[in-house]
Amino acid sequence: MEDKNLTNSDGSLNLKEYYNLPVREKSGRLGVVIGDDTRTEVTNTQIAPYKSIVRLVMTFGEDKYRGTGFVVNKNVILTAGHNLYDHKLKKMANSVTIFIEGEKEKQAKKTQVTESFKLSDDDKNDWGLIKIDYDCDESAILPLKNVSELKEKDGLIAGYPAEVKNKSTIAMWEASGELKNESDKGVLSYTISTSGGNSGSPVMAEFDGVKNAVGIHVSGSETEKKNHAKAVDDEIISTVASF
């Protein structure tokens with residue numbers, strides 16, 4: 001169902017209303033800024049890999065939140081599990097609205113998180129899927145790569161954080177840095193700065209000149225001075241293919 005407050009008459013996103021939405025938190029473990037905030041604004045979101053990244057608005061009861069997701073199949077979006085499931089309420093979001101740059105809003109036809117995530121919000125379980133009743137252009141699909149194939153350590157994160165350099169924002173931002181593969185724990189870690197709203201952003205690495213998603217940003221730790229992503233593994237890849 002179309003959200004009249006969030007959409008303009010042409011079906012595009014009402015940025016003023018979106019700007020005022022809070023972000024989905026994960027038990028207080030929002031992404032953190034580490035050192036100097038080196039994020040830069042993405043000024044052209046219509047080229048790869050940025051065109052794969054979408055805004056999400058999740059509704060839980062009367063409350064609405066914003067987050068990030070990315071297209072991984074023609075009608076499948078990957079995001080953080082905590083964007084879709086609330087552990088306090090023990091329920092999935094009532095609705096999820098997807099805003100693809102340059103398109104009218106799309107409504108989630110189906111959402112899913114793992115049973116493991118419903119039992120525990122550990123980063124290793126924190127991922128979920130959204131199906132939409134709309135086929136995205138193939139050029140918008142961000143390929144997935146099992147983190148076990150990660151050779152280069154440089155990574156890129158792009159998404160829709162609500163605050164950058166102490167200022168509220170609605171723009172897409174990106175930053176790069178070294179990735180640490182902790183796939184034995186099911187995660188990647190990094191000192192790339194993120195903030196609330198980045199949950200569900202793709203963590204990307206380059207393979208044969210093409211950006212692939214190797215992780216899904218899910219949390220940050222002020223005390224540990226690092227951020228975390230759920231590592232892309234065979235379970236995610238096979239679930240996306242059959243969803």
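The values are calculated or read from the model by the stated rules, or taken from the named source; none is laboratory data. Please read these numbers as outputs of a predicted model, since none were measured by experiment. Positions of Cβ are backbone-derived with ideal geometry, glycine not excepted, and every protein chain shown enters the neighbour counts.
What the table shows:
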read-out: Extreme residue, modelled with the lowest pLDDT, among residues of region 21-36 that are surrounded by fewer than 14 Cβ atoms within 10 Å (Cβ to Cβ) and on the phi < 0 side of the Ramachandran plot; value: GLU25
read-out: Candidate set: region 181-233, residues that are at pLDDT below 95 and basic (Lys, Arg); chosen: the one nearest to GLY155 (Cα to Cα); value: LYS226
read-out: Single residue of ASP137, ASP234 found to be under 30 Å from GLU17 (Cβ atoms) and of a type in the set (Asp, Glu); value: ASP137
read-out: In region 185-223, residue nearest to VAL147 (Cα to Cα) [restricted to those that are of a type outside the set (Gly, Ala, Ser) and without any contact (Cβ under 8 Å) to a residue 12 or more places away in the chain]; value: ASP208
read-out: Subset of region 46-72 that is among the polar types (S, T, N, Q) and not in a strand (DSSP E or B) - its residue that is modelled with the lowest pLDDT; value: GLN46
read-out: Residue, nearest to ARG55 (Cα to Cα), within region 193-240, restricted to residues that are of a type in the set (Lys, Arg) and surrounded by fewer than 24 Cβ atoms within 10 Å (Cβ to Cβ); value: LYS211
read-out: Among (1) modelled with pLDDT under 95; (2) in contact with a helix residue (DSSP H, G or I) (Cβ under 6 Å, 6 or more places away or on another chain), the one test that SER116 misses; value: (1)
read-out: Among (1) outside any loop (DSSP other than H, G, I, E, B); (2) more than 17 Å from the chain's Cα centre (by Cα), the one test that ASN5 misses; value: (1)
read-out: Subset of region 189-232 (residues that are outside any strand (DSSP E or B) and farther than 20 Å from ASN83 by Cα); value: THR191, ILE192, ASP208, GLY209, GLU222, THR223, GLU224, LYS225
read-out: Evaluation of VAL54 against (1) touching an Asp or Glu at 6+ places or on another chain (Cβ under 8 Å); (2) under 11 Å from PHE99 (Cα atoms); (3) in contact (Cβ under 8 Å) with a residue 60 or more places away in the chain (one fails), failing number; value: (3)
read-out: Residues of region 226-243 classified as over 13 Å from PRO202 (Cα atoms) and hydrophobic (A, V, I, L, M, F, W, C), total; value: 5
read-out: Strands (runs of 3 or more DSSP E) contained entirely in region 106-183, each with at least 1 residues that are loosely packed, with under 14 Cβ neighbours inside 10 Å, without any contact (Cβ under 8 Å) to a residue 40 or more places away in the chain and not small (Gly, Ala, Ser); value: 106-113, 173-182
read-out: Whichever residue in region 164-186 is under 15 Å from the mean Cα position of the chain (by Cα) and not small (Gly, Ala, Ser) and, among such residues, is nearest to GLN46 (Cα to Cα); value: MET172
read-out: Filtered residue count, region 90-105, keeping only those that are in a loop (DSSP other than H, G, I, E, B) and either at pLDDT below 95 or out of contact with any strand residue (DSSP E or B) (no Cβ under 9 Å at 6 or more places or on another chain) (or both); value: 7
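Per-residue answers, yes or no, for (1) charged (D, E, K, R); (2) farther than 18 Å from MET204 by Cα:
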{"position": "ARG39", "(1), (2)": "yes, no"}
{"position": "THR43", "(1), (2)": "no, yes"}
{"position": "ALA48", "(1), (2)": "no, no"}
{"position": "TYR65", "(1), (2)": "no, yes"}
{"position": "LEU84", "(1), (2)": "no, yes"}
{"position": "ILE98", "(1), (2)": "no, yes"}
{"position": "LYS106", "(1), (2)": "yes, yes"}
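Matching residues to (1) within 16 Å of VAL57 (Cβ to Cβ); (2) of a type in the set (D, E, K, R); (3) touching a Lys or Arg at 6+ places or on another chain (Cβ under 6 Å):
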position: ASN94; (1), (2), (3): yes, no, no
position: THR97; (1), (2), (3): yes, no, no
position: VAL113; (1), (2), (3): no, no, no
position: ASP126; (1), (2), (3): no, yes, yes
position: VAL147; (1), (2), (3): no, no, no
position: GLU152; (1), (2), (3): no, yes, no
position: ASN166; (1), (2), (3): no, no, no
position: GLU178; (1), (2), (3): no, yes, yes
position: LEU188; (1), (2), (3): no, no, no
